[in-house]
Amino acid sequence: MTTVTPDRILKEMQQLWIDIGKTAMEPGVKGEHGILRACAMTLVIAADEEEETADIGETIAELMHHHPSRAIVLRVRDGGDEFLESRVYAQCWRPFGRRQQICCEQIEIRSSEASLRDIPRIVLGLMVPDLPVVLVCRSALWFGSNSFAPLLRVANRIILDTRRAPHPVQTMTQLEAAHQQGLRVSDLAWTAITEWRRHIAALFDDATLLARLREVHHIRVTTGSMGASAEAWYLAAWLQRSAGVQAGVSFTTGTSTNSIHAVDLKGDAFSLSLQRGEGSVLAILRDGLAASVSFALSSDWELLREELSITGDDRVYHAVLPRAIALAAAGR
Amino acid sequence: MAEANPFLDSLRLERRVPPCAIVIFGANGDLTKRKLIPALYRLAFERKLPPACAIFGNSRTPMSDDDYRGKMKEATQQFLEDSPFDEALWEQFARNLYYVAGDLKDPAFYQQLKVQLAAQETATGGNVLFYLSTQPSHYEPAVEGLGAAGLNVGGLPKAWRRVVVEKPFGHDLASARELNKVLQSAFPERDVYRIDHYLGKETVQNVLAFRFANGIFEPLWNRRYINHIQITAAESIGVEGRGAYYQESGALKDMIQNHLLQVMATIAMEPSAVFEPTSVRDERAKLLRSIRIHSEAELATHTVAGQYGSGRVGNADLPGFRQEPGVSPDAQTDTFAAATFFVDNWRWAGVPFYIRTGKRMPKRVTDIAIHFNAAPLSIFERDAPGQTARPNLLIIRIQPEEGISLRFLSKNPGGGMRLRPVSMDFSYGSSFGVRTPTAYETLLEDAMAGDATLYTRQDMVEASWQVVQPISDYWRSHYHVFPNYEAGTWGPQASDEMLARRGHVWRVP
Ligand SMILES: NC(=O)c1ccc[n+]([C@@H]2O[C@H](COP(=O)([O-])OP(=O)(O)OC[C@H]3O[C@@H](n4cnc5c(N)ncnc54)[C@H](OP(=O)(O)O)[C@@H]3O)[C@@H](O)[C@H]2O)c1
């Protein structure tokens, strides 16, 4: 097994840039106008074992248009034997209408479970100085692992995805505990409901509707056939908190494949219903009047892009999180 | 006050533009084709246009809606900046694009427009943004026409009517005041949006972030540490067929009166207490009012007019301004203008602000150079004679390559203490790979959303005319021996001499 150390990886990277620079300047080569090396953060992606390398590569490639970074992808496979290897490469793209290519560097580190403890030290040596460090835990297991703790401490942002967690309530509770300890955590399940929130907020731009908000005494979230999930708990908790009324909350399981199918706000003489239709349509029913608008669907990388654009504290999320845990725990 | 929407979350939910209609006067003109329609299309591409946003174009040439759509499609394909053209999206966008032929001096036209706007009212909520993108002489009849037809006020409750005015805001102080009187006869000041596309440029906005979001620069941002400031806005092109128009305005009025004084105000203004339209604009206005108005004697030494003659750039022979089509052979127009300004306040007293702008210069570039004072003592003088006199320089590049760089001295590798200037660079392109919105996209979206932070206010317009008018009068009362610079050069010698009087030289951008 070759030794894997930060110094060696950095040296390989240096060589990689020299090679890319040379190729890019060769006449007749695509990108003859040189390259621009871009980096605004260290992005550590701790991937699930079963995730395709190509999928992660694609996510990073899409992300770099908005958030150029030094990406470090960590992959762990089962096994008691010590195993560690790394490779470096660059991803380049040419912005529309420009001649120069923009390139970002990427490091992939593969290890066995037995070698997991060696990873934090390597990653610490590879962080780009003075720029933010963002840790994306694709698998919740990474987040709970002790060997990973040193990385959590240096990360400026930790992004999880409870939609993929086997025990979402437990992971949400861990997120709340981490937040209480001063870690800046976020959850892509929360990011995934932005589109719902956008439509609801837009409806209440209407002053007449806003004035009637206090009439609401019940909030119902209809989930897909998989039942209540982190997304549904977050949405219900957010509605309850923003509405500022002591409205009751209930969850109903529907038949659709979407994680959230519909939201209903009810009062004695008030009724507002938003319902996902086929594809990207959202039907809005307000006091018996129907309208439909387009509902944007976001891919994983788009969610990640949104999350990376947030540089400060997401106060709304942290106000909603404990409420969502309570709703989930109450089994509603 | 209206109750706030508790569902809003400025961190994630982007500002929503309320439904509205847009009426463009001068729909057949150059600005509409090059800037407005491509910007609106791009806003639609980014889903920033409100749904069912109806756009009405007006000019006299008879055309059907479809003819107009075809013409604008071609223009958008040609002028869309750094962005792909999507056929399907265009089809959707063009469905809401209409053309209303008519003379804006004809009252019947406004009645026709009224009917068309009313037909869209359910979708637009009665909100209308009027955009005056036609000859300046038409601003007044258009506003009067809107007022007379009652189109300046919305019929539905809470409906707004706003008017966007393109530069020039008058051709002198008196006409600026006159135009304002007309505008305000129909629209209250809060609904008048005077566009200065320089303020919409991403890097100009970034000056505010640079100054007021960082703790390390502002303490140096004053007469104690800054020696002088140079603002350059150079174009390599000539008047490009607009000679007749340009002959009447000139570089001073076309660039300095509006854009460059606004840039200067952004560089020199005091921090506002909060980032909201009134406070930011108050500070800009205050700065413009603090610019010293040149005395008769200063006008001769602090200002320079220039006009390009023919020249050879590369292997191309370029005509002089007086040889351009539509220009009189003895035109006294300034195609180059430079001036030294001083700001009379405690922060800037005695610091020269040099501004220059011109056509047919060696390249297209707009930047701001902040020249800091040299180190008070040069301890390396023996090894590096004269070197330490090279002061630190902070460059804010507005176009074409947006960015910021800082020049400082560093030791040359090897023995001895030889120094050489090096540069620390921040380039927008490499830190943010994404496309930056064009100024017109930013400003149109702001106007629809009712955010006037980046728009000029009447008091700012008047303050800059107070500064520019004496220069313009002085130039007009003197005969200039033009041309006084060759096409493809950095302007007349007098401009270099203006700086040399204080021991300064123009930086080569
Ligand atoms: N072009 C630029 O890049 C630029 C930059 C900054 C500011 N501006 C300002 O923007 C404004 C528009 O500039 P522009 O270059 O687009 O002007 P333009 O090309 O001359 O366009 C003016 C349009 O107004 C229409 N028009 C003329 N008389 C009319 C009337 N009586 N009734 C109705 N429509 C009439 C004309 O179309 P018909 O012949 O069909 O009527 C013409 O297409 C000006 O104030 C200019 O100073 C322009």
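Looking at segment A:107-158, which trypsin sites (Lys or Arg not before Pro) are in a loop (DSSP not H, G, I, E or B) and have at most 15 other Cβ atoms within 10 Å?
On the way: sites: A:R110, A:R117, A:R121, A:R138, A:R153, A:R157; in loops: A:R138.
Loop-located and lightly packed - none at all.
Size of the dipole of chain B about the Cα centre, Lys and Arg at +1 and Asp and Glu at -1 on the beta carbon, nothing else charged, in debye to 20? If you can, show how the numbers build up before the last one.
Numbers: 56 positive and 58 negative charges, 237 e Å.
I would put it at about 1140 debye.
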**OP:** Decide, for segment A:146-274, between rounded, prolate and oblate: order the square roots of the alpha carbon gyration tensor eigenvalues as a ≥ b ≥ c, take rounded if a/c falls under 1.5, and otherwise choose prolate if a/b is larger than b/c, else oblate.
**Re:** prolate
Subject >> A:T5-A:S309 pseudo-label distance in nm [points 7 Å out on the Cα-to-Cβ vector] >> reply: 4.3
**OP:** Work through the residues other than B:E270 whose Cβ is under 13 Å from its Cβ and net out their charges, Lys, Arg +1 and Asp, Glu -1.
**Re:** +3
Original post:
From the residues B:A39, A:V216, B:T489, which one has its Cα farthest along the dipole of the protein assembly as shown in the positive direction, the dipole being from +1 and -1 charges on Cβ of Lys/Arg and Asp/Glu about the Cα centre?
Top reply: B:T489
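What is the sum of charges around B:R161, taking Lys and Arg as +1, Asp and Glu as -1, for the other residues whose C-beta is under 13 Å from the C-beta of B:R161? Please report the intermediate quantities before stating the final value.
Working: positive: B:K114, B:K158, B:R162, B:R190; negative: B:E121, B:D191.
Summing Lys and Arg as +1 and Asp and Glu as -1 gives +2.
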Original post:
Given R₀ = 22 Å, FRET efficiency for B:E296-B:Q332 by Cβ-Cβ distance, to 0.05?
Top reply: 0.65
Subject >> Rounded accessible area per residue of the protein assembly as shown, 1.4 Å, Å² >> reply: 44
Original post:
What FRET efficiency, computed as 1/(1 + (r/R0)^6) with R0 = 25 Å and r the Cβ-Cβ distance, is obtained for B:R60 and B:R34, rounded to the nearest 0.05?
Top reply: 0.80
Original post:
What nm value, rounded to one decimal, do you get for the distance between A:E58 and A:D205 when each label is placed 7 Å out toward the C-beta?
Top reply: 3.4
**OP:** Enter the mean projected area of the convex hull around the alpha-carbon atoms of chain B, in nm², rounded to one decimal.
**Re:** 27.5
**OP:** Go through A:A46, A:V169, A:L285 and say which Cα lies farthest out towards the positive end of the charge dipole of chain A; charges sit on Cβ, +1 for Lys and Arg, -1 for Asp and Glu.
**Re:** A:L285
Original post:
Counting other Cβ atoms within 10 Å, which chymotrypsin sites (Phe, Trp or Tyr not before Pro) in segment B:428-509 have at most 15 and lie in a DSSP loop?
Top reply: B:Y479
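Give the interface area between chains B and A as buried accessible surface, both sides summed, probe 1.4 Å, in Å² to the nearest 100.
On the way: alone 23320 and 16300 Å², together 37160 Å².
The contact between A and B buries close to 2500 Å².
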**OP:** Would you kindly derive the ³J(HN,Hα) couplings of segment A:301-314 from the backbone phi angles with the Karplus curve 6.51 cos²θ - 1.76 cosθ + 1.60 (θ = phi - 60°), listing them in order in whole Hz, with x for Gly and Pro?
**Re:** 5, 5, 5, 5, 4, 4, 5, 6, 6, 8, 9, x, 7, 8
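Can you tell me the length gained on complete extension of the stretch B:E14 to B:R435, counting 0.36 nm per residue apart and subtracting the Cα distance? Working shown, then result.
On the way: separation 421, 0.36 × 421 = 151.56 nm, distance 1.77 nm.
In short, 149.8 nm is gained.
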**OP:** Pull out a ≥ b ≥ c, the square roots of the eigenvalues of the alpha-carbon gyration tensor of segment A:188-332, then state rounded if a/c is under 1.5, prolate if not and a/b is larger than b/c, and oblate in the remaining case.
**Re:** rounded
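Can you tell me the length gained on complete extension of the stretch A:T257 to A:R77, counting 0.36 nm per residue apart and subtracting the Cα distance? Don't skip to the answer; put the middle values down first.
Values: separation 180, 0.36 × 180 = 64.80 nm, distance 3.09 nm.
Taking A:T257 through A:R77 to full extension adds about 61.7 nm, to one decimal.
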Subject >> Formal net charge of residues neighbouring B:E144 (Cβ-Cβ distance under 14 Å; K, R +1; D, E -1) >> reply: -2
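Taking square-rooted eigenvalues a ≥ b ≥ c of the alpha carbon gyration tensor, is the protein assembly as shown rounded, prolate or oblate, where a/c under 1.5 means rounded and, failing that, a/b exceeding b/c means prolate?
On the way: a/c = 2.05, a/b = 1.24, b/c = 1.66.
Oblate is the answer for the protein assembly as shown, as a/c is 1.5 or above yet b/c matches or exceeds a/b.
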**OP:** Extending each Cα 7 Å along its Cβ direction at B:V274 and B:R507, get the distance between those two points in nm, one decimal.
**Re:** 3.6
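Write down the Kirkwood hydrodynamic radius of segment A:6-155, to one decimal in angstroms, obtained as one divided by the mean of 1/r over all alpha carbon pairs.
16.2
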Original post:
Where the Cα atoms of chain A are projected onto their three principal axes, how long is each span, largest first, in whole Å?
Top reply: 71, 49, 35
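Please report, in debye to the nearest 20, how large the charge dipole of chain A is about its Cα centre when each Lys and Arg carries +1 at its beta carbon and each Asp and Glu carries -1 there.
On the way: 34 positive and 40 negative charges, 156 e Å.
Its charge dipole is roughly 740 debye.
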Original post:
On the accessible surface of segment B:201-255, probed at 1.4 Å, how many percent belong to carbon and sulfur atoms?
Top reply: 51
**OP:** Sketch the reach of a paramagnetic label on A:M226 as a point 7 Å from Cα along Cα-to-Cβ, and name the residues of segment A:255-277 whose backbone nitrogen lies under 19 Å away.
**Re:** A:255-263, A:276-277
**OP:** Mark the label point 7 Å from the Cα of B:N222 along Cα→Cβ and return the residues of segment B:337-357 whose backbone N is within less than 13 Å of it.
**Re:** B:345-349
Subject >> FRET E, pair B:E46, B:Q112, Förster distance 30 Å, beta-carbon r, rounded to 0.05 >> reply: 0.40
**OP:** Treating only the Cβ atoms of Lys and Arg (+1) and Asp and Glu (-1) as charged, compute the dipole magnitude of segment A:6-155 about its Cα centre; round to the nearest 20 debye.
**Re:** 720
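The values are calculated or read from the model by the stated rules, or taken from the named source; none is laboratory data. In this text the structure is predicted, and so the values were computed from the model without any measurement. Virtual Cβ from ideal backbone geometry, glycine too; neighbours counted across all protein chains shown. The protein model used for the area step is the full one, side chains on, heavy atoms only, and it has no ligands, DNA or RNA in it. Shrake-Rupley method; radii C 1.70, N 1.55, O 1.52, S 1.80 Å.
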